[in-house]
1. Between MET116 and ASN189, what is 0.36 nm times their sequence separation minus the Cα-Cα distance? Round to one decimal in nm.
2. With labels modelled as points extended 7 Å from the Cα through the Cβ direction, what inter-label distance (nm, one decimal) is found for GLU148 paired with ALA79?
3. Dimensions of the chain along principal axes (Cα, Å, largest first)?
4. Stretch THR387-GLU322 to full length: gain in nm at 0.36 nm per residue minus the Cα-Cα span?
5. Would you please put 45-54, 209-218 in order of how densely packed they are, using the mean number of other Cβ atoms within 10 angstrom per residue and starting with the highest?
6. Hey, can you rank 171-184, 275-288, 130-143 by average C-beta count inside 10 Å, highest first?
7. What is the distance, in nm, between label points placed 7 Å from the Cα along the Cα-to-Cβ direction at PHE3 and at MET378?
8. Net charge near ASN45, counting Lys/Arg +1 and Asp/Glu -1 over other residues with Cβ under 11 Å of its Cβ?
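Just so it is clear, none of the values below were taken in a lab; they were calculated from the coordinates. Here the structure is a predicted model, which means the values were calculated and not measured. Here Cβ is always computed from backbone atoms with ideal geometry, including for glycine, and neighbour counts include all displayed protein chains.
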Amino acid sequence: MTFNPLEQRGIPLDRQLRSWRELNVDPINPDAADPYTRCRIITMNGIETEAIFFGHHLARNCDDVQVKQQLARTRYIEAQQQKVVNWLLPGVSSVLETTIAYEQVAVDLTAWVARMEPDPYLKQAYEFGVLEDFDHLYRYANLYEMIEHRKAESIVDGLTEVMPGRPTPMHHRNPVDNVREPYDRTTVNPLSRLHALTVMAAEQQTMNFYMNTGPTYMEPIARQLYQEIGLIEEEHVTHYESLVDPGETWWEQLVNHEYNECYLYYSFMEQESDPKVKAIWELHLNMELEHLRVACDLMRRHDGREPEEILAPALPNVLTFEPNKAYLRELLETQMDLTTLGTGYVREAHERFEEMQERLHEGEAPPSERVMVQHEEMFGRDYREETEGPHPVDPQR
Ligand SMILES: [Fe+2]
Ligand SMILES: [Fe+2]
Ligand SMILES: [Fe+2]
Ligand SMILES: [Fe+2]
């Protein structure tokens, strides 16, 4: 990325407020839209939601009224951006259809980040996590065929394969084992900071989505599956947020958030095929450039440091939504049976893992297994979409 957000001028903050007319965006056409346009919308909704919540936490830790007022002004704009972005989704999709799109985001976003991540410990964290969301996609796709009688390929559109990953029942670890070691803020590659923030924000919104929409289903198996996977998303948020160095000051974190918003809007503007959506990415980029300038001023004032010390002068790659099929198949072959112990990874089930499994499952099949049994009873098979040939390791293929 030759684009340097620190050198660009954005839209002045007092010209960023939008009226109801401007907020009333046309949703994308659910039948004609590129599935990756929907993935970009979902990603940016997660990013804007994180911007809002981070801004609130910062304000709650800030005792200067003038600074709080400054934060409130920017945060209101973030809230308007979130409305515009998420309202691009068409109202016709069911919760389960949106869920399948969320897991597609988790798979292709995390896989891309894993491929590009320069730090091996951080890379391992993404490789570990992606195989779990890959399995969530498979379980939800089976639930979808069962209760809505439709196939997930109409949503993922052959871009992402749907087949077993690390089995969902195995994702329930002792919470202690979900905490990773953070990167070192003094030596970390600036790209790694952006990766960690992005994947954390995406997982957080998935967690929020399941905890709120899960009980809107009447079918017992659907309600139970959302509880189970909702709890795993809590584990994923713990896993990814612990990668960020807690030694970063509040102002440094604010700068990172705004910089990341610039990076992602720039990335998505570059690859967007829908002209109306592209115009929104461009507008929001121009807003974020000003948010970044404001955040940099706050950092200089409160930390007495230059933002250039922590930010990259230029970034090597724009974040891209694209198929990651071969990479995922390679991970399935090599990392399917991994679990965590402390801040590291092991292949064998250890005592703390077994104890958690016993207490949660009580010797019975969890919802993620029962959904497969019920599906098999109805259709005599499971649902999968293997576009590149048979599953590389699944024993029941
Ligand atoms: Fe924003
Ligand atoms: Fe997931
Ligand atoms: Fe997840
Ligand atoms: Fe922002």
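1. Values: separation 73, 0.36 × 73 = 26.28 nm, distance 1.17 nm.
Full extension of this stretch gives 25.1 nm more.
2. Distance between label points: 3.0 nm.
3. Principal-axis extents of the Cα atoms in the chain, largest first: 62, 46, 36 Å.
4. Details: separation 65, 0.36 × 65 = 23.40 nm, distance 1.50 nm.
That pair, THR387 and GLU322, stretches by 21.9 nm at full extension.
5. On the way: 45-54: 22.0, 209-218: 15.6.
The densest-packed peptide leads the list: 45-54, 209-218.
6. Numbers: 171-184: 17.8, 275-288: 19.4, 130-143: 26.3.
Output ranking for 171-184, 275-288, 130-143: 130-143, 275-288, 171-184.
7. 4.3 nm
8. Working: positive: ARG38, ARG40, LYS83; negative: GLU48, GLU50.
Net charge in that neighbourhood comes out at +1.
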